[in-house]
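Enquirer: Structure provided below as structure tokens; questions to follow.
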Amino acid sequence: MIVNALKSQTRSTKMDPKIWSKLPQELLEHVLCFLPLKTLLNLRSTCKNFNSLVFSAPFVSKHSSASHLSSFLLLSHPRFYCHFPLYDITIGSWRNLTVPVSLFPSFASQLNLISSSNGLVCFSLSNSSSFLVCNVLAKSSRVIQHPFFPFSSELLTLVSTPKGYKIFMLCSKFPSNYAFLYDSKDHSWRRYDGFQPLLIDTFHQEGALYNGSLCFSTPEPFSIVCFNLENGEWGNLNTEMPRELTFVRLVSDAVKGKLYLVGGIGRNGISRSVSLWELGKGGNWEELERLPDLMCRKFVSVCYHKYEQVYCFWHQGTMCVCCHTWPEILYYKLSRRSWHWLPKCPLMPDNWTCGFRWFSFAPQLYALA
């Protein structure tokens, strides 16, 4: 009897419209910040006030910090066109991302995904000196023309900033290789002196963002050089490298300001083990974990000691190790201190043997292209 009375009271209770009309604007915005993204977008069509509110600077900042969108590992392959499989490590499921053709310029015959950063992805446009930066979620894009053509670009890295993004790249077209930096704030390129010799033996590895600089490893004898994104100056990271390294890859957790090193240990270019180090406060590399023997044997057989095909990246507390010629990912979860293999994507045919590129992809509505 009491339950029925409560149900009847609940059904008859209605929110007084005057409550919403008298609600302070800052409280209304705070409530709306916690709406799911899809609901928030549908809300724009209800009234002019909500439509203007959704894209106002203060509300964008509040919603970005309050909402938590899923993040994914994104797979790119030359045989996929406008189609990218996504893997969610948290729930262990695959999804499919289709990039609208309307985002691509009409003159683009082929696009290659080369970098990603906080909801933005960067494509190179074949047969041109152009790049395409896209926010797939917001369905916005921008074509960026490079000042020189033809050119050969290496180590291209897309870096998101609080007010936009920057694109860093090296160019070996000239006798002295130059570094180029694009800034979305003024949509311009700046040229800086490069670093001799060429920094690394792979074109698949991006720079690791650490203390406002992009860090790269040099060929043997291994060392670390840094390019300051503000003043365009090169410098060295004064640290003693681990001994008997066969290859070096750098990854960074830009949120926590940490730099990690993934390296093989062995002699004469043959890795007997693979380890993960963290740069300590004293400037020394502290070993965190060593790859288990069974996993190490598989990794060595996958890359067959051709480490120029190996690249690494950071993804939501996870350090990922990939090979351009292998469809699986070896990753280390720092919170669990455990290594895992991510199985091959079920959408990929068995006869695809090379051209695999993985990226960290965290969709954001307000990342401006």
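The values are calculated or read from the model by the stated rules, or taken from the named source; none is laboratory data. Predicted, not measured: the structure shown is a model, and the values here were computed from it. Positions of Cβ are backbone-derived with ideal geometry, glycine not excepted, and every protein chain shown enters the neighbour counts. Heads up: the accessible areas ignore ligands, DNA and RNA and are worked out on the full protein's heavy atoms, side chains in. Shrake-Rupley method; radii C 1.70, N 1.55, O 1.52, S 1.80 Å.
Enquirer: Restricting to the stretch 313-369, what's the tally of residues that are over 20 Å from LEU276 (Cβ atoms) and among the β-branched types (Val, Ile, Thr)?
Expert: Residues meeting the conditions: 2.
Enquirer: Kindly indicate whether MET241 is part of a loop (DSSP other than H, G, I, E, B) and surrounded by 13 or more Cβ atoms within 10 Å (Cβ to Cβ).
Expert: Here the answer is yes, as MET241 does meet what is asked.
For every residue, the table says whether it meets (1) small (Gly, Ala, Ser); (2) out of contact with any Lys or Arg (no Cβ under 7 Å at 6 or more places or on another chain); (3) surrounded by 19 or more Cβ atoms within 10 Å (Cβ to Cβ); (4) part of a loop (DSSP other than H, G, I, E, B).
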| residue | (1), (2), (3), (4) |
| --- | --- |
| LEU73 | no, yes, yes, no |
| PRO78 | no, yes, no, yes |
| THR90 | no, yes, no, yes |
| ALA108 | yes, yes, no, yes |
| SER115 | yes, yes, yes, no |
| PHE123 | no, yes, yes, no |
| ASN127 | no, yes, no, yes |
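Enquirer: Then there is this: Those residues that are surrounded by 14 or more Cβ atoms within 10 Å (Cβ to Cβ) and part of a loop (DSSP other than H, G, I, E, B), I need them from the stretch 320-340; list them, please.
Expert: HIS324, THR325, LEU334
Enquirer: Would you check which residues across the stretch 129-155 are surrounded by 19 or more Cβ atoms within 10 Å (Cβ to Cβ) and at pLDDT 90 or above and list them?
Expert: Scanning the stretch 129-155 gives PHE131, LEU132, VAL133, CYS134, ASN135, SER141.
Enquirer: Exactly one of (1) within 30 Å of LYS163 (Cβ to Cβ); (2) more than 20 Å from the chain's Cα centre (by Cα) is unmet by TRP339. Its number?
Expert: So TRP339 meets the others, but not (1).
Enquirer: Would it be correct to say that LEU291 is free of Cβ contacts under 8 Å to residues at least 40 places away in the same chain, hydrophobic (A, V, I, L, M, F, W, C) and touching a helix residue (DSSP H, G or I) at 6+ places or on another chain (Cβ under 8 Å)?
Expert: no
Enquirer: Ok, one more. Might you check whether a residue that is modelled with pLDDT under 90 and either hydrophobic (A, V, I, L, M, F, W, C) or closer than 25 Å to SER360 by Cα (or both) occurs anywhere in the stretch 188-198?
Expert: Yes, because at least one residue in the stretch 188-198 is modelled with pLDDT under 90 and either hydrophobic (A, V, I, L, M, F, W, C) or closer than 25 Å to SER360 by Cα (or both).
Enquirer: Hey, could you check the stretch 296-319 for residues that are assigned to a helix (DSSP H, G or I) and without any contact (Cβ under 8 Å) to a residue 12 or more places away in the chain and say which is most open to solvent (accessible area, probe 1.4 Å)?
Expert: Among those that are assigned to a helix (DSSP H, G or I) and without any contact (Cβ under 8 Å) to a residue 12 or more places away in the chain, it is ARG297.
Enquirer: Considering only the stretch 309-329, I want to know if a residue exists there that is of a type in the set (Asp, Glu), under 22 Å from the mean Cα position of the chain (by Cα) and modelled with pLDDT of 90 or more.
Expert: Yes, because at least one residue in the stretch 309-329 is of a type in the set (Asp, Glu), under 22 Å from the mean Cα position of the chain (by Cα) and modelled with pLDDT of 90 or more.
Enquirer: Cβ contacts < 8 Å: first residue within 14 Å of CYS312 (Cα to Cα), restricted to the stretch 325-336; second residue of a type in the set (S, T, N, Q) and part of a strand (DSSP E or B), any location; separation 6+ or different chain. Result?
Expert: TYR331/THR318; TYR332/THR318; TYR332/SER338; LYS333/THR318
Enquirer: Among the candidates PHE80, PHE59, single out the residue that is at pLDDT below 70 and aromatic (Phe, Trp, Tyr).
Expert: Being at pLDDT below 70 and aromatic (Phe, Trp, Tyr) holds for just one of PHE80, PHE59, which is PHE59.
Enquirer: With (1) closer than 17 Å to LEU73 by Cβ; (2) surrounded by fewer than 20 Cβ atoms within 10 Å (Cβ to Cβ) as the list, and GLY280 as the residue in question, which single condition is left unmet?
Expert: Just one mismatch for GLY280, condition (1).
Enquirer: Any idea which of (1) more than 23 Å from GLU287 (Cα to Cα); (2) in a strand (DSSP E or B) is the one PRO349 doesn't satisfy?
Expert: If we test PRO349 against (1) more than 23 Å from GLU287 (Cα to Cα); (2) in a strand (DSSP E or B), just (2) comes out false.
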